[in-house]
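> Here it is, the structure, as C-alpha cells.
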Amino acid sequence: MQFNVPLSEWTTHAALSKWIEETILQCQPARVHLCVGSNEEVDQIAAQMVEAGILVPLAKRPGSYWCHSHPDDVARVEESTFICSEKKEDAGPTNNWKEPSEMKQHLKSLFAGCMQGRTLYVIPYCMGPLGSPLSRVGIEITDSPYVVINMHKMTRMGRQALDQLKNDPFIPGLHSVGVPLKEGQQDEPWPCNPKQRVIAHFPEEKSIFSFGSGYGGNALLGKKCFALRIASAMAREQGWLAEHMLILGLTNPEGVKKYIAAAFPSACGKTNLAMIMPSLPGWKAECVGDDIAWMHIGKDGRLYAINPEAGFFGVAPGTSMKTNPMAMRTIEKNSIFTNTALSDGDVWWEGIGSEPPEALTSWLGTPWDGKSPAAHPNSRFTVPMTQCPIYDPAAEDPEGVPISAILFGGRRHNVMPLVTEALSWNHGVFLGASLSSETTAAAKGEIGKLRHDPFAMLPFCGYNMGDYFAHWIDIGKHTSASKLPRIYSVNWYRKDAEGKYIWPGFGENARVLKWIFERASDKAPATTTPIGQIPPQEALDLSGLQTDYDSLFSIDKDNWKKELQDLKEYFQRFGTHFPKELARELHHLEERLK
Ligand code: TSX
Ligand code: MN
C-alpha cells in the first residue's frame, strides 16, 4: 500500500493506527493519504481535481473554485439518515431507527472494497477552538478529495487536530462515495451511489458511517453528523448542549458587548442574521458562528458557547449585497462554490443582485436554458470563517462566549408576534419545543405548509426528542435563574391582509435585538400577555420606520387556541418521554388564553 507518509511517523495513537489499518483492509483503496492540514496539501489536492475536471478555478475570485454535483446528490437525505441506538425508543419518534447489529451488517457489505481504485484520505479534525476543553476531535476517513478540501475550510484539521487529540479517544467517521473503480475504469466527475445511500449514527458507541453521497451535510461528517447528532447525545450524557444555533456578538453605542444564540429552521435567514449589519446608529454586530453552538454552564454559573466549526457552508441563492453584505465580502476569495451557476471566471445565482450574465453555465454543468434555476436552490459556498469582515476574535476563545439571550425563530405569516420573551426558563424550553416554520420553495414538498421543527433540531437530534426536551429542562436546574439567558421567540415573517411582509427585516432586526439586549441588562420594560412578555410600544425603537406596532404584536386568541390544540396533538407523539414541566407549560398557556 502506497502512503504519502508512513503511518507510524504520522501518529503513535494505537487505536487510531489500528482503525486506519482495519479500514484499509475493509475498503481496499489504491493509495492512502494521511492529512497534515497544510495549505500546500489542499492546494495540491485541488490542483489534481482541476486536472481531473472536477473543479474549475475562478479567475475573479482568488483561490476559489466552482464545481457541481451529480443531479441526484444535491442535499441532505433525511430518509436515509439513521440513529442506531440499541433501543428504538431511544431514537424516538422523530428519527429513523435501525437495530445496530443489523445496520453494522449492512454497512459491512456496503463498505467492503468500496474504495478500490481510489485514494483513502484520513482527516483528523478538531471541532472547536484549539486548546479548548470544550473542543472534541474526530477522524474522518473518506475517499472523496472534495471532502478533504471542504473539511480544510470547515474545521481545524490535520496536524493541529492530532496534537489536540494526544492519546485520547476520538469520534470515528467513515465515508465513501460508494463507487469503487475497476482497473483502468474512467472515474465520473462526481461519483456517488444514490440508490445505496445511508448515513448511520451510533450514539452509544459514538461513531458515524456515511455511504453513497458526496454532498455537504452527508459527507462532511464533522458538521451535522458529529457536531449535532453525535454531540447532542454526548452533551446529554455530559451535561451540556449541542445546538443548531448561530452565535453573534452585539455591542451597543456605549461599548457594552453581549452575545446572542439563535435557532432557526432552514430557509429562515440564519446566516443573514449571524452576519447582520445593524441599521441602528452606533450598534455593532460580530459573527461567532452561523450554524452550530456547543454550550455549557461555566464556573460562574453562566451559559458559555463555542462554535465547533471553522467555516461557513452557506446557501448561495438569495445572498446579495442587500441581504448579506458581510457574506458577500467573505466569499470574495478562497471559497468553494458547489452547484451555483458559472460564468466567465465567476459564479452567479438567483438573488445575487445582478442580472444573469450572458453565456451562463447552470449548476448542471451545461449552458443555462434561461428558464429553470441557473443555480440549484441548495447551492453552497464553503469558506473559512476568519475571512468574514465582522468575524469575532472571541470565536477563538477556548472558554467560549457568555450567552445573554437565546432566540427561537420560524417563518410564520400570522399568529406569532415579532418578539416574545419567555416567562421563565421552562417556558423558554416550551417555546423552543413549539418551534415551527412554513416551508418555502427551497425545501422539497408543499410550499407554505407549517412544519414542526422543535429547537430547529428535527433532523439533527441524535436521540429521543422527548428526552432532549427533558435535558433542556434539566440544564435550567444546574444554575440560578438569574444567570441563565432569557429565551425569546422571534418572527420576522408576519404578513398583512394583502400578503405583504409587515416587518422590514434584515438590518432592521437590530431593533428587536436592541430590546433583547436591554432586557438582559434590566434596562427595558416588558408587557405581560397570555403568550409571554412583549416590548411595550415605547420600548421598541421603531424610529424612522413605517411599520405599525399593533400589526406586529396583535395576539389573536382564536388563532392561539388553534395553535395550542395543534401543539397538544404534536406533543402527544413523544408519549411518556414528554417532560411533565412542558405539559404544565401547555396547561398554563391554555389557562392564560381563557
Ligand atoms: O434573512 C432574512 N432575514 C433575516 C436577516 C437578518 N430574510 C431572507 C430569508 C430568506 C432566507 C428575510 N426576508 C427577512 C429577514 O429578516 N425578512 C424577510 C421578508 C422581507 C423580504 C423583503 C422585504 C421585507 C421583508 N422588503 C423588500 O424587499 C423591500
Ligand atoms: Mn444548519
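The values are calculated or read from the model by the stated rules, or taken from the named source; none is laboratory data. The structure displayed is predicted, hence computed values, not measured ones. Every residue, glycine among them, receives a Cβ derived from its backbone with ideal geometry; neighbour counts consider all protein chains shown. Protein only, heavy atoms only, side chains kept; ligands, DNA and RNA dropped before computing areas. Shrake-Rupley method; radii C 1.70, N 1.55, O 1.52, S 1.80 Å.
> Only residues in the stretch 262-275 that are modelled with pLDDT of 95 or more count as the first member; pair them with residues that are among the basic types (Lys, Arg) and within 10 Å of ligand 2 (Cβ to nearest atom), Cβ under 6 angstrom, at least 6 apart or cross-chain, and list the lot.
Cβ pairs passing all conditions: Phe264/Lys270.
> To continue, here is another question. Residues that are touching an Asp or Glu at 6+ places or on another chain (Cβ under 7 Å): which strands (runs of 3 or more DSSP E) entirely in the stretch 155-244 hold 1 or more of them?
Working: elements: 171-176, 198-202, 207-211, 241-243.
Passing ranges, in order: 171-176.
This table checks each residue for (1) in contact with an Asp or Glu (Cβ under 8 Å, 6 or more places away or on another chain); (2) farther than 15 Å from Ile247 by Cα.
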position: Ile276; (1), (2): no, no
position: Pro317; (1), (2): yes, yes
position: Asn324; (1), (2): no, yes
position: Ile331; (1), (2): no, yes
position: Asn339; (1), (2): no, yes
position: Pro357; (1), (2): yes, yes
position: Leu360; (1), (2): no, yes
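> Among the candidates Trp492, Trp472, single out the residue that is more than 15 Å from ligand 1 (Cβ to nearest atom), under 18 Å from Ser434 (Cα atoms) and of a type in the set (A, V, I, L, M, F, W, C).
Just one listed residue meets the conditions, Trp472.
> Right, something else. Could you tell me which of the residues Gly214, Gly255, Gly222 is more than 17 Å from the chain's Cα centre (by Cα) and in contact (Cβ under 8 Å) with a residue 40 or more places away in the chain?
Gly214
> Can you go through Ser437, Ser379 and tell me which one is under 20 Å from the mean Cα position of the chain (by Cα), within 16 Å of ligand 2 (Cβ to nearest atom), not charged (D, E, K, R) and not assigned by TED's automatic domain parsing to the domain that holds Trp503?
Ser379
> Among the numbered criteria (1) open to solvent by 10 Å² or more (accessible area, probe 1.4 Å); (2) more than 13 Å from the chain's Cα centre (by Cα); (3) within 15 Å of ligand 1 (Cβ to nearest atom), which one does Gln238 miss?
Against the list (1) open to solvent by 10 Å² or more (accessible area, probe 1.4 Å); (2) more than 13 Å from the chain's Cα centre (by Cα); (3) within 15 Å of ligand 1 (Cβ to nearest atom), Gln238 comes up short only on (3).
> Please pick out the residue among Asp467, Asp522, Asp474, Asp548 that is touching a His at 6+ places or on another chain (Cβ under 8 Å), more than 22 Å from Phe264 (Cβ to Cβ) and either touching a residue at least 60 places away in the same chain (Cβ under 8 Å) or surrounded by fewer than 20 Cβ atoms within 10 Å (Cβ to Cβ) (or both).
Asp467
> Could you say whether any residue in the stretch 440-449 is open to solvent by less than 30 Å² (accessible area, probe 1.4 Å) and either closer than 23 Å to Asp556 by Cα or among the small types (Gly, Ala, Ser) (or both)?
No, the stretch 440-449 contains no residue that is open to solvent by less than 30 Å² (accessible area, probe 1.4 Å) and either closer than 23 Å to Asp556 by Cα or among the small types (Gly, Ala, Ser) (or both).
> Give the stretch 349-386 a look and list any residue that's under 14 Å from Phe337 (Cβ atoms) and hydroxyl-bearing (Ser, Thr, Tyr), or say none.
Matches in the stretch 349-386: Thr361, Ser362, Ser379, Thr382.
> Within the bounds of the stretch 363-375, is there any residue that is open to solvent by less than 40 Å² (accessible area, probe 1.4 Å), over 23 Å from Glu286 (Cα atoms) and in contact with a Pro (Cβ under 7 Å, 6 or more places away or on another chain)?
yes
> Hey, could you check the stretch 130-148 for residues that are touching an Asp or Glu at 6+ places or on another chain (Cβ under 9 Å) and under 22 Å from Met115 (Cα atoms) and say which is surrounded by the fewest Cβ atoms within 10 Å (Cβ to Cβ)?
It comes out as Val148.
> OK, next. Spot the failing condition for Lys322; the list is (1) open to solvent by 10 Å² or more (accessible area, probe 1.4 Å); (2) more than 15 Å from ligand 2 (Cβ to nearest atom); (3) assigned by TED's automatic domain parsing to the domain that holds Leu435, and only one is missed.
For Lys322, the failing item is (3).
> Suppose we filter Ala267, Ala310, Ala327 for residues that are within 16 Å of ligand 2 (Cβ to nearest atom), open to solvent by 10 Å² or more (accessible area, probe 1.4 Å) and farther than 29 Å from Ser434 by Cβ; which single one remains?
Only one candidate qualifies: Ala310.
> Can you pull out every residue in the stretch 139-154 that is outside any strand (DSSP E or B) and of a type outside the set (Lys, Arg)?
Of everything in the stretch 139-154, those that are outside any strand (DSSP E or B) and of a type outside the set (Lys, Arg) turn out to be Asp143, Ser144, Pro145, Tyr146, Val147, Val148, Ile149, Asn150, Met151, His152, Met154.
> List pairs: first residue in the stretch 561-572 and free of Cβ contacts under 8 Å to residues at least 40 places away in the same chain, second residue in a helix (DSSP H, G or I) and surrounded by 12 or more Cβ atoms within 10 Å (Cβ to Cβ) anywhere in the structure, Cβ distance under 9 angstrom, at least six positions apart or on different chains.
Lys561/Glu590; Lys561/Leu593; Leu564/Leu586; Leu564/Leu589; Leu564/Glu590; Leu564/Leu593; Lys568/Leu586; Lys568/Glu590
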